[in-house]
Every structure is written in C-alpha cells, then in structure tokens.
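Novice: Please find one structure pasted underneath; my questions will follow.
The values are calculated or read from the model by the stated rules, or taken from the named source; none is laboratory data. Worth saying up front: this structure is predicted, and the values here are computed from it rather than measured. All Cβ positions, glycine included, derive from the backbone under ideal geometry; neighbour counts span all protein chains shown. Quick note on the areas: whole protein, heavy atoms, side chains included, nothing else; ligands and nucleic acids left out. Shrake-Rupley method; radii C 1.70, N 1.55, O 1.52, S 1.80 Å.
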Amino acid sequence: MKQTTVLLAALCVVLLSACRSHEYQKNNGMIFGTVYHVTYAYDKDLQEEIEKTLMAVDGEFSMFNEESTVSHLNRGEQWPQSEMYKSLYQLAQTVNKETEGAFDITVAPLVNAWGFGFKHEQLPTKEQVDSLLKVRDQLDFSAIAKGFGCDEVARLLDAKGITDYMVEIGGEVVVKGKSPNDLPWRIGVMKPVDDSLSIDGEMQAVLSITDKAMATSGNYRNFYYKDGKKYAHTIDPRTGYPVQLTLLSATVFADECAMADAYATSFMVMGVDKAKELLARHPELAAYLIYSDEEGHPVVWYSDAVKDLIVE
C-alpha cells in the first residue's frame with residue numbers, strides 16, 4: 001500500500017504568488033508520519049483546531065499509535081468503535097467490493113512481509129505468502145486515512161463558513177473556492193521517474209481545480225532491488241505479491257479525498273484497462289493515468305472531465 005515517501009512525492013501543490021496573501025492563513029505540521037499544509041481565507045488562525053481534528057483521525061486509524069482503535073483491534077482486544085471508525089471502515093468495504101478485492105485494509109501482514117510496512121523482513125517464500133493470504137486479521141488504513149484526514153479538516157473549515165481553502169496531507173488534497181491570487185487552485189502531478197530518494201521533482205502536468213478532492217498513488221518512488229529484481233511497493237491483496245503492471249501513476253478525482261485515496265491505490269493494483277472499466281461505471285470519479293507502453297515509453301491517459309483542468 002502507499003507509504004509516506006510516495007505520498008510526499010506523488011503530488012505537489014503549486015501556489016502562485018499570493019496577491020491577497022494577507023487574507024489567508026497558512027498552517028503546516030506533521031501528522032500520520034508525513035507533512036500537512038492547510039491554506040484558508042479566514043480572520044483567525046485555526047491551527048489548534050485543525051491539529052485536534054487530525055489527532056482524532058490518528059487516534060482511530062494510526063498503526064503507529066498504540067492507543068488507536070486500529071491498534072487495539074489488531075491486538076485482538078474488545079474496543080468500542082466510533083461513528084468515525086465505522087464510516088471509514090464501511091467506505092473501505094465498499095471500495096473493496098467495487099474493485100473486486102483490489103483494495104483491502106487487511107493487507108498489512110503482506111506489506112510487512114515484502115518489506116514496505118513498519119517492519120522490514122526478508123522476502124517471503126511462497127508458503128509464507130499463501131499462509132498470510134489466509135490470515136486477514138490485521139487492519140491497515142494507511143491507503144485511505146490521509147485522504148480521510150483531509151476530508152475531516154475540510155469539514156471543519158466548511159463548518160466555519162470558510163469558502164476558499166486547500167488541505168493537503170502527504171500529497172492528498174482537497175480544495176474549495178479560490179487560491180490566494182483569486183484563481184482556482186493549481187496542483188502539480190509529478191512525472192513518474194525512478195527516484196527513490198525524491199531528489200528530482202519534474203512535473204508531468206499542472207491542473208487547475210476547485211471544489212474537488214484528489215489523490216495520487218505510484219510505484220516509481222518507493223521500491224527496492226534485491227538479487228537484481230525490482231520490487232514495487234504496491235501489493236496485490238488478492239495474490240499476495242507486488243504488482244508487476246505497466247501503470248506508473250494514478251491520480252484520482254472525487255468529491256471526497258478518502259474515496260480518491262482508496263481508488264488511486266486500487267488502480268495501481270488493477271492496471272490501466274481495469275481502471276478504465278471501473279471509471280466507465282463510476283462517472284462521479286475521474287482519473288489521470290500514466291503508464292508504460294510496450295517499448296517502455298510513458299503514456300498519459302485521462303478522463304474527459306480532466307481535459308479542461310490541464311494548464312497548458
């Protein structure tokens with residue numbers, strides 16, 4: 001599933017010079033093991049309330065917080081489940097069904113076995129993979145929680161009557177209204193080039209969006225080599241093995257960032273053709289996909305709804 005390095009590199013927020021910057025508050029900090037940025041037009045600084053909101057999400061879904069709901073459940077303990085927990089769990093189950101199992105919040109042991117989780121282990125044997133596929137009692141919300149965190153902060157800002165804002169957590173984004181220079185928000189999608197250290201940051205495209213959430217998943221920044229073979233970080237929860245498909249990067253647009261987050265990960269598992277089929281069934285979603293052709297050259301495909309968002 002997606003890790004912090006991917007989330008930080010997959011999407012960069014591009015703000016033009018702020019001709020009305022004095023009207024906007026800008027908050028940033030660390031949450032979920034990554035960086036958040038929130039920019040909003042308001043007469044008060046809301047960072048304390050924003051961080052309280054983010055910590056509430058962390059308290060439900062963080063695998064690194066020993067007192068989170070997920071941690072208690074993963075230890076096999078009886079633990080009360082809040083409405084927040086139930087709503088995100090249900091969304092994860094819905095996406096799992098819609099993607100025929102490509103999105104699965106019980107994939108954590110397999111992620112760890114391949115060395116991409118919070119524990120680094122030796123590469124698993126076939127017998128170990130088969131065994132882990134049968135044991136699905138560990139929950140991992142990392143491929144949906146950051147998007148949900150964006151949604152929760154957006155709901156906080158909406159409740160304050162704020163109509164112009166951008167919320168970004170580790171590359172997942174929700175935007176509404178206008179940016180500080182009185183234009184739609186401009187978001188950069190990074191070019192999928194192997195660069196595990198994230199040294200280079202060339203953009204594939206800049207999109208002009210508003211009143212929308214978006215999330216990107218990709219294999220090109222989080223991988224490792226062992227015995228001459230490249231292992232990408234996305235694990236197919238149906239097979240237990242890292243995906244070996246041509247899709248390099250998937251950016252998904254939706255009304256809610258948690259949904260965009262989950263489908264972006266799902267598309268990396270499903271591949272280009274299956275992703276297009278799902279998009280045809282779900283007109284509420286749109287996507288910007290980058291994949292390799294038969295000769296290894298990058299190819300871009302995007303939904304019709306994305307065409308007018310691209311800044312030339």
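Novice: If you add up the charges near Thr53, with Lys and Arg at +1 and Asp and Glu at -1, over every other residue whose beta carbon is less than 14 angstrom from its beta carbon, what do you get? Let's see the in-between values first.
Specialist: Details: positive: Lys52, Lys146, Arg155, Lys160; negative: Glu48, Glu49, Glu51, Asp58, Glu60, Asp151, Glu152, Asp158.
Neighbour charge sum, excluding Thr53 itself: -4.
Novice: Which whole-Hz couplings ³J(HN,Hα) result when phi for each residue of segment 270-285 is put into the Karplus expression 6.51 cos²θ - 1.76 cosθ + 1.60, θ = phi - 60°, listed in order with x for Gly and Pro?
Specialist: 6, x, 4, 4, 5, 4, 4, 4, 5, 4, 5, 7, 10, x, 6, 9
Novice: Turning to a different aspect of this structure: State the extension gain, in nm to one decimal, for the chain segment bounded by Glu202 and Glu23, taking 0.36 nm per residue of separation less the distance between their alpha-carbons.
Specialist: 61.4 nm
Novice: Give the long-range amide H neighbours of Lys178: residues separated by 5 or more places, or on another chain, with amide H under 5 Å away, using H modelled in the peptide plane at 1.01 Å from N.
Specialist: Sorted by chain and number, the residues that satisfy this are Tyr165.
Novice: Which cross-chain or sequence-distant (5 or more) residues have an amide H under 5 Å from the amide H of Ile310, H modelled 1.01 Å from N in plane?
Specialist: It is Ser208, by chain and number.
Novice: May I ask for the percentage of alpha-carbon pairs in segment 41-130 that lie more than 19 Å from each other?
Specialist: Result for the distance tail: 58 percent.
Novice: Amide H of Ala287: which non-local residues (sequence gap of 5 or more, or other chain) have their own amide H closer than 5 Å, using H built in the peptide plane?
Specialist: Those qualifying (amide H under 5 Å, at least 5 residues apart or on another chain) are Phe253, Ser303.
Novice: Could you work out the local net charge near Ala260, counting Lys and Arg as +1, Asp and Glu as -1, over the other residues with Cβ closer than 10 Å to its Cβ? Don't skip to the end; give the middle numbers.
Specialist: Details: positive: Lys212; negative: Asp151, Glu172, Asp255, Glu256, Asp261.
Result for the local shell: -4.
Novice: What figure in square angstrom, to the nearest 10, would you give for the accessible area of Asp308 with a 1.4 Å probe?
Specialist: Only protein atoms counted, so the area is about 140 Å².
Novice: Report the convex hull volume per residue for segment 124-170, counting only C-alpha atoms, in Å³.
Specialist: Dividing the Cα hull volume of segment 124-170 by its residue count gives 85 Å³.
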